[in-house]
Amino acid sequence: TSSREEVQFLTDGEEYLNDISWNSYTNFRSLTMDFRQATGPCYARYLAQSLHRGETYVLQIDSHMRFRPNWDEYLISQLKKCSNTVKAVLTSYPPNYNPPDGPGANAETRATVLVPWKFGSEGMLRQKGRLIHPNYHFGDGKQTSNDNIPCLLYAGGFNFFHSSLLDVCPYDHQLHGLFFGEEISMAVRLYTHGYDLYAPPQTVCYHRWERNLLRRSNNDESDLARKQCQALQRQASLDIVRAQLRGEGRGLGSLRFAEQFAQELGVDFEELAVTSGCENANVASEAFVDSTNDRPYNTTSSTMDMAMSEVMKLVSGFIG
């Protein structure tokens, strides 16, 4: 299978990438747009998916990522272990790394599994990744630690799947201004379309969760008007996701139901409540490295909470 890179660049129109030699490669496709036209991750990922030209597999990631060697061979081999390769998605929250250095020789390699955490003020479920013991055996005892770990939640910043998924459950390009809500929308949609989600039994990539704010929006009238428009778009997008979680609206499949998804997840989306035990995601509690339940992501320090604080400052700057 040939490897192709699909990348989207944002620019302010006053600067341009000086080195465009990469543009001559036949296995590289890109989109460049004014950052003022950006309306959040869902639209961005929809545009990235539009660059697909028949490749067998799709890897979706965030910016600021580092990878272990042979990550592609490993993910393909793990995907093929699923009972139905074309209806499976490998996904999880990657551990942190700090540039300019990469993850390093002692980088975390244990699996992380996505679990429910709590609800935010806008009514969207927060999720987190929990570390799994490397030698824990799943299933009926015949499986080994190399088997994928079933889960119900989806990470927008790392997922790997057979490209036929793009014909069944692509990103919704009309979910503008949506940050929290992107992942639960995709999770329930994939569930109702009959897809099974798994965490790979080893970490293959790392994400820089903590980063400086490199750009702040202006406060001129045109910028304020844009913020107001984006705030309205965000509210409309949140309403769409809430309807999906009730089993209504567009983008849902008919193979399974949103009500089943909520029950299996252990979450009440109407009452905005998580049930006791849902933090284990149907996995035995002894499978987890740490029984504590206070961190949103897998990390070895408190920097992740700071990272999310910085992210929300950035989001607020764009949506008002």
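Candidates in the range 281-300 are the residues that are open to solvent by 30 Å² or more (accessible area, probe 1.4 Å) and under 21 Å from the mean Cα position of the chain (by Cα); of these, the one that is modelled with the highest pLDDT is Asn282.
Here is a yes/no grid of residues against (1) modelled with pLDDT under 90; (2) exposed (fewer than 14 other Cβ atoms within 10 Å of the Cβ); (3) touching a Cys at 6+ places or on another chain (Cβ under 7 Å); (4) of a type outside the set (A, V, I, L, M, F, W, C):
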position	(1), (2), (3), (4)
Thr11	yes, yes, no, yes
Glu15	yes, yes, no, yes
Ile20	yes, yes, no, no
Asn23	yes, yes, no, yes
Thr26	yes, yes, no, yes
Gln37	yes, yes, no, yes
Cys42	yes, no, no, no
Gln49	no, no, no, yes
Thr56	no, yes, no, yes
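The set of residues in the range 78-98 that are open to solvent by less than 50 Å² (accessible area, probe 1.4 Å), over 12 Å from Thr203 (Cα atoms) and either out of contact with any strand residue (DSSP E or B) (no Cβ under 9 Å at 6 or more places or on another chain) or not in a helix (DSSP H, G or I) (or both) comprises Cys82, Ala88, Val89, Tyr97.
Of everything in the range 128-147 that's modelled with pLDDT under 55 and within 11 Å of Ala111 (Cα to Cα), which residue is most open to solvent (accessible area, probe 1.4 Å)?
Restricting attention to the range 128-147, the residues satisfying the condition of being modelled with pLDDT under 55 are 139-146.
Right, trim to within 11 Å of Ala111 (Cα to Cα) and you get 145-146.
On the way: Ser145: 42, Asn146: 76 Å².
Looking at residues that are modelled with pLDDT under 55 and within 11 Å of Ala111 (Cα to Cα), I get Asn146.
Yes/no per residue for (1) β-branched (Val, Ile, Thr); (2) in contact with a strand residue (DSSP E or B) (Cβ under 6 Å, 6 or more places away or on another chain); (3) over 18 Å from Ala231 (Cα atoms); (4) assigned to a loop (DSSP other than H, G, I, E, B):
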| site | (1), (2), (3), (4) |
| --- | --- |
| Gly156 | no, no, yes, yes |
| Leu166 | no, no, yes, no |
| Pro170 | no, no, yes, yes |
| Leu175 | no, no, no, yes |
| Ile184 | yes, yes, yes, no |
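For beta carbons closer than 9 Å, sequence separation of 6+ or different chains, a first residue in the range 183-198 that is within 9 Å of Arg256 (Cα to Cα) and a second that is surrounded by fewer than 23 Cβ atoms within 10 Å (Cβ to Cβ) and among the charged types (D, E, K, R), the qualifying pairs are Tyr191/Arg256; Tyr191/Glu264; Thr192/Arg256; His193/Lys87; His193/Arg256; Gly194/Lys87; Gly194/Arg256.
The values are calculated or read from the model by the stated rules, or taken from the named source; none is laboratory data. Since the structure is predicted, the reported quantities are computational estimates derived from the model, not experimental observations. In this analysis, Cβ positions are derived from the backbone assuming ideal geometry, glycine residues included, and neighbour counts consider all displayed protein chains. The area values use the complete protein model at the heavy-atom level, side chains included, leaving out ligands, DNA and RNA. Shrake-Rupley method; radii C 1.70, N 1.55, O 1.52, S 1.80 Å.
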